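Only one structure is covered here, and it is reproduced in the block below.
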Amino acid sequence: NLITGKQINLLDTAGGVLPFIILSCTGMAFKNGIYIFLLRQFYKGIPEELEEAAFIDGCSTFKTFFKIVLPVSVPMMVTVFLLSFCWQWTDTFYTNLFLKSDAVLSTAIFSISGIQQQGSGNFYETVIINTAVILAILPLVILYLFGQRKLIAGIERSGVTG
């Protein structure tokens, strides 16, 4: 039961939001392959001359990483964080996994699907569903607005074209 989080009070509680925050911030999902690919392409694009110049100036490997490579890779890390957060935010599988009872189902996407399944399709229920969808995507829009510049820079510098 420790693996599922029952003993540390992560399941079926109002504080059950913690698993979603952990999953959203770390990107622990099936999409890790794309994050690894994006970061690999980005790091391959960093010129080796930067690292060599740091070594000539007397930097150690760790100091080179923290002073040169890490600051350069901030846009890509923001890109990976935003992609991870958006995919986890809209994922209903983990909602069903961590929150079992109807009393604590508070994830917006799951609540919208519950309203839609219960409804008879009249006008007021459609308005409620549309409002719920807007409220569900509002945190994603706010995150995008704050991270837009870094997101675009990260995708641009990774060399990934599509």
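The values are calculated or read from the model by the stated rules, or taken from the named source; none is laboratory data. Bear in mind that the values here come from a model prediction, so they are computed numbers and not experimental data. Cβ: placed from backbone, ideal geometry, glycine included. Neighbour counts: every protein chain shown.
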Exercise. Being in a helix (DSSP H, G or I), modelled with pLDDT of 70 or more and among the aromatic types (F, W, Y), is that true of even one residue in region 106-125?
Worked result: no
Exercise. Among the candidates L39, L70, L10, L99, which residue alone is farther than 30 Å from I137 by Cβ and either more than 14 Å from the chain's Cα centre (by Cα) or modelled with pLDDT of 70 or more (or both)?
Worked result: L70
Problem set entry | Matching residues, region 56-66, being surrounded by fewer than 13 Cβ atoms within 10 Å (Cβ to Cβ), out of contact with any Phe, Trp or Tyr (no Cβ under 9 Å at 6 or more places or on another chain) and part of a helix (DSSP H, G or I) | I56, F62, F66
Seminar exercise, completed: I134 vs (1) modelled with pLDDT of 80 or more; (2) β-branched (V, I, T); (3) surrounded by fewer than 16 Cβ atoms within 10 Å (Cβ to Cβ): all pass except (1)
